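Working notes for the structure below.
The values are calculated or read from the model by the stated rules, or taken from the named source; none is laboratory data. Worth saying up front: this structure is predicted, and the values here are computed from it rather than measured. Virtual Cβ from ideal backbone geometry, glycine too; neighbours counted across all protein chains shown.
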Amino acid sequence: MPVPSERPRNVTIRGKRTSMRLEPGFWDAIDEIATREGLAIDEVFERAAKSPHRGNLSSAIRVYVLAYFRLPRHDRPRPTARARLQRRSTWNAG
């Protein structure tokens, strides 16, 4: 069975717009992280870009997503009610 193709989307990281190609499962995971944390999609990318991973940006994103879901639930930060209401998505299809 073939692997689904990567889907490019535009994101803003550190104030610069860039196009990212990630597998559909990673886009779904990033959206889930944003929802859980009350963040915009770009804010998830900002967090991942600040991680200590030494690879390229797409690799850093994948490592960040993996690390996020491997943390026990009680160790994850909990979003405030206000943050959940302010969540907005800023990515678009490329």
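Highlighted here are the helices (runs of 4 or more DSSP H) found entirely within the chain that include at least 3 residues which are at pLDDT 90 or above: 24-37, 41-49, 57-70. Close Cβ contacts (under 6 Å, 6 or more residues apart or on different chains) running from residues in the stretch 25-38 that are surrounded by fewer than 17 Cβ atoms within 10 Å (Cβ to Cβ) to residues that are in a helix (DSSP H, G or I) are absent.
Just the residues that are farther than 13 Å from Phe45 by Cβ and either surrounded by 14 or more Cβ atoms within 10 Å (Cβ to Cβ) or under 12 Å from the mean Cα position of the chain (by Cα) (or both), please, taken from the stretch 7-20. Don't jump to the end; show me each part of the working.
Start the filter on the stretch 7-20 by keeping residues that are farther than 13 Å from Phe45 by Cβ, which leaves 7-8.
Once the filter is applied, which keeps residues that are farther than 13 Å from Phe45 by Cβ and either surrounded by 14 or more Cβ atoms within 10 Å (Cβ to Cβ) or under 12 Å from the mean Cα position of the chain (by Cα) (or both), the stretch 7-20 yields only Arg7.
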